[in-house]
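Inspection log for the structure reproduced underneath, given as structure tokens.
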Amino acid sequence: MKLVTKITAAAAFSLLAGSAMAANIAVIAGSVQDGFFNLIKKGVDDATLVVKANGGKVNYMRTQNYDNFGPDLVQLINTAVSQGVDGIAIPVWVAESQVPAIQAAAKKGIKIMMYNSGAEHKTKISGLNYFGSDEFVAGTAAGAYMAKNGAKHVLCHIQLPGAVNLESRCKGVQEGASKGGAKVTILRVPANLDGNTTATAEAIKAEMAKDGSIDAVINLAAWASDAAGIAAQQLGKAGKVKLGTFDLSPAVADRIKKGSLTMAIDQQPYLQGFLATSMLAAHIDFGTDIATDPVLTGPNIVDGANIDTVLVGIKKGAR
């Protein structure tokens with residue numbers, strides 16, 4: 001029998017309260033241009049209040065963009081090591097670049113906590129735990145949802161080809177949709193289009209125009225769902241093509257509320273940032289560990305049935 005433990009922010013605060021703490025932590029994240037990592041930062045910032053209250057410090061480090069992602073991540077890892085940190089909280093997106101650098105950090109005695117992506121690499125990099133979603137499971141849920149709700153041909157858009165988490169999501173979409181009798185086509189676009197809504201809309205529109213049987217689109221980032229919506233509208237298919245996305249934003253929530261977006265997969269990035277930071281600090285200073293490994297923060301499906309509850313967290317900047 002598998003024990004499933006749910007960790008809340010309040011419980012984590014309670015765990016950390018009380019003793020003097022001096023953990024020096026680096027939290028490495030994605031591009032400064034990627035709004036998703038503002039939600040991660042909200043969790044990191046809230047955990048940092050406790051870390052600082054106990055004498056420690058947290059440095060939140062982000063790449064400038066995704067154009068040179070692997071090497072840029074290695075540079076951030078090496079910078080954190082040179083600053084003498086006690087621990088690093090980090091996802092693994094580009095394994096061939098990151099894993100050797102993280103292994104080198106771990107050999108220096110630096111504690112590694114994982115979040116958001118790359119749970120399968122935890123043993124290789126001596127990771128303590130993983131806080132995040134199982135990307136394949138999340139993709140499977142998204143594909144199954146679309147098929148169950150009538151989709152026959154799903155387009156899965158990958159904005160950063162080769163990124164471990166994104167490739168796993170679309171593989172999951174294929175799995176879930178195919179079991180429901182739907183076909184999946186994967187659209188990989190150049191990485192330099194990441195965040196470019198206009199160019200991404202053109203790429204999605206071209207694919208949909210080429211194959212008129214596409215009746216659903218799943219994007220892997222909230223901003224990209226804007227592009228899919230534009231593409232469908234320009235083709236005269238608004239309301240005829242089911243649109244889904246990974247991750248939330250105020251715009252995503254608004255479209256779900258209005259019915260122009262079918263669903264979103266929420267991985268609760270606030271919890272990923274909060275738990276990775278607070279539990280890494282607790283381990284360094286108190287030797288604590290969580291028995292559940294990994295700790296999954298998703299997937300959670302958000303649609304018209306539960307959007308009102310989710311909107312409360314979005315208004316507070318935590319979802």
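Any read-out appearing in this document is the output of simple, stated calculations on the displayed coordinates, not a laboratory observation. No experiment lies behind these values; they were computed from the predicted model shown. Cβ atoms come from the backbone with ideal geometry, glycine included; neighbour counts cover every protein chain shown.
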* Asked: Can you pull the percent of Cα pairs in segment 30-103 with separation above 17 Å?
  -> 49
* Dipole of the chain [Lys/Arg +1, Asp/Glu -1 at C-beta], most positive-end residue of A105, A253, I290 -> A253
* How big is the Rg/Rh ratio for segment 136-266, C-alpha atoms only, Rh by Kirkwood, two decimals? -> 0.92
* Of the DSSP beta bridges with both residues in the chain, give the percent that are antiparallel, rounding to the nearest 5. => 10
* Measuring from centroid to centroid over Cα atoms, what is the spacing of segment 230-304 and segment 58-105 in Å? -> 23
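Please compute one quarter of the surface area of the Cα convex hull for the chain and express it in square nanometres. Please list the in-between numbers first.
Values: hull surface 63.2 nm².
Hull-based average projected area comes out at 15.8 nm².
Using the Cα centre as the reference, give the magnitude of the dipole from point charges on the C-beta atoms of segment 61-140 (Lys, Arg: +1; Asp, Glu: -1; all else neutral), rounded to the nearest 20 debye.
Using only the charged Cβ atoms, the result is roughly 360 debye.
Just to be sure I follow: if Rg is taken over the C-alpha atoms of segment 50-187 and Rh is the Kirkwood radius over the same atoms, what is Rg/Rh? Numbers along the way, then the final one.
Working: Rg = 17.9 Å, Rh = 16.6 Å.
Expressed as Rg/Rh, it is 1.08.
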* If segment 210-294 were replaced by its equivalent ellipsoid, with semi-axes equal to the square roots of 5 times the Cα gyration tensor eigenvalues, what would those be, largest first, whole Å? -> 39, 12, 9
* Quick one: if you stick a label point 7 Å off each Cα along the C-beta vector at K240 and V312, how many nm between them? -> 4.0
